[in-house]
Structure formats: C-alpha cells, structure tokens
Amino acid sequence: MTTEADAAHVPSRLARHDKTAHWSDLMARGRAGDHRAYNRLLMETNVWLLRYFRRRLPAAHVEDAAQETMLALHHRRHDFDCAQPLRPWLAAIARFKWVDRLRLMEREAAAPPMETIVVSHELDVVSCHAVGGLLGQLRPAQADAIRMVKLDGLSIVEAAARSGQSQSLVKINIHRGLKRLAATCR
C-alpha cells in the first residue's frame, strides 16, 4: 500500500529519470521571448536527436537528419501545446525525418555513382559536338530533318509541320542525309 509520502516522491523519481521533462517549460519560455531558454532547449534537443539518429542511421546521415528535425521543430514550435510533454512530439517529428532519410538513402543507392555521371557527361558532350560537326556537312534541310526526327524525337508529321516540308520530303531528307553520313564515315 502506498502512503502519501510515497505518492509525493513518485513525480520526483520520474523527473529524475526523464531529463527531458523541462523541455515543455523551455519551449513556453522561448515562445514568450526568453532567448536563453530557447537556446538551451535547442542545445538539449540536438544532443537527444544526435543520440536518436546514431542508433538508426549511418554516421554520414546523422547530423543532417538531426538538423532537419531541428528546423522542423523551430518552424512548427507555435503548433506545440506547452501543457504536453515535448519529447513525444519531437520523437514523432524525428521519426518522420528518419523515414525521409531512409528514402533518400534508398534513392542514393539506386543512383549511379558520380564518376559514372561525369564520364557519361563527358561522352555526351563529345558526342554532341561530333554529331553537330557531321550534321554541318549536310544540306540544311537534311540536317534539320535528322535533328528533329532522330535526335529530338519528333514524329514525321510534327517535323513536317515545323519545317514546312511535306511528310514525304522529310522522309527523303532523312534517308539521303543518313546515307551521306554513312558514306562520310567509311
């Protein structure tokens, strides 16, 4: 059976174990204009968030996830009910940021490595200049027809409308231009 003296000590024991119980008060004081209280809240929550994310994310993502959560806390601070404990509210925000970070990591894993992108870009630039030089050897109507249909992906109908040529003439210009390019490359 619990006595009144025991009941009086329960909150203090809980407060000793929950070092974040005062965060709601710091938030309320911060919203009222106490910059020192708000800075203390941000420092303490940042330490808690870093611990939270270290258990859930690779080291390279911990700091970013913590910062994103801190920004969300700051931007949504006026939505928080200071009569409630802050840690569960912050934990919910952190969970959403954790899921966002997992999605980002999944996309990064699916993306080609940067070296591949750079090499591909270099090849694309060189190829673009080479194709431009080859098309420069053709008659303008042939080069335009090839550029519109083969490079830009327009249909024969769209290329004809854009160039003012008939559909048959667009096809002939493509055929003759490609034939000429093939003869040049031999």
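The values are calculated or read from the model by the stated rules, or taken from the named source; none is laboratory data. Please read these numbers as outputs of a predicted model, since none were measured by experiment. So basically every Cβ, Gly included, is an ideal-geometry build from the backbone, and we count neighbours across all protein chains shown.
Brief remarks follow.
- Number of the condition not met by Ala182 [criteria: (1) at pLDDT below 90; (2) loosely packed, with under 12 Cβ neighbours inside 10 Å; (3) within 30 Å of the chain's Cα centre (by Cα)]: (3)
- Residues in the stretch 52-89 that are more than 26 Å from Glu106 (Cβ to Cβ), in contact with a Phe, Trp or Tyr (Cβ under 7 Å, 6 or more places away or on another chain) and part of a helix (DSSP H, G or I): Leu86, Arg87, Trp89.
- For the stretch 85-102, a residue qualifies if it is of a type outside the set (A, V, I, L, M, F, W, C) and surrounded by 11 or more Cβ atoms within 10 Å (Cβ to Cβ), and the qualifying residues are Pro85, Arg87, Arg95, Lys97, Asp100, Arg101.
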